[in-house]
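Have a look at the structure below, then the notes.
The values are calculated or read from the model by the stated rules, or taken from the named source; none is laboratory data. Here the structure is a predicted model, which is why all the values come from computation and not from measurement. We place every Cβ from the backbone using ideal geometry, glycine too, and count neighbours over all the protein chains shown. Quick note on the areas: whole protein, heavy atoms, side chains included, nothing else; ligands and nucleic acids left out. Shrake-Rupley method; radii C 1.70, N 1.55, O 1.52, S 1.80 Å.
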Amino acid sequence: MTASDEDRLTTLEIRSAEQERTIAELSDQIAEQWKTIDRLQKKLDALAERFLALEERTAPDVPVTKPPHW
């Protein structure tokens with residue numbers, strides 16, 4: 001193997017190691033974002049339930065009747 005081939009091989013190994021590190025970092029970020037999304041979804045569901053419960057308690061009971069012009 002010539003010096004040029006060894007340099008090319010070293011460069012490729014360095015790039016491969018950098019790409020592996022980048023992929024690992026991105027994977028960690030995706031995992032953290034998924035946890036955040038899951039936590040926010042649970043909060044949204046809880047708020048929607050609270051909103052519906054409040055809406056049911058405050059909504060007046062309007063009887064269903066025919067309008068006066070019928």
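Listing for the model above:
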{"item": "Positive dipole terminus of the chain, leading residue within S27, L47, A59 (C-beta point charges)", "result": "A59"}
{"item": "Dipole magnitude of the chain, debye to nearest 20 (Cβ charges: Lys/Arg +1, Asp/Glu -1, about Cα centre)", "result": "720"}
{"item": "Accessible surface of the chain [probe 1.4 Å, protein heavy atoms]: carbon and sulfur percent", "result": "59"}
{"item": "The chain - Rg over Rh from alpha carbon coordinates, Kirkwood radius", "result": "1.67"}
{"item": "Probe 1.4 Å, protein heavy atoms only - accessible area per residue of the chain in square angstrom", "result": "102"}
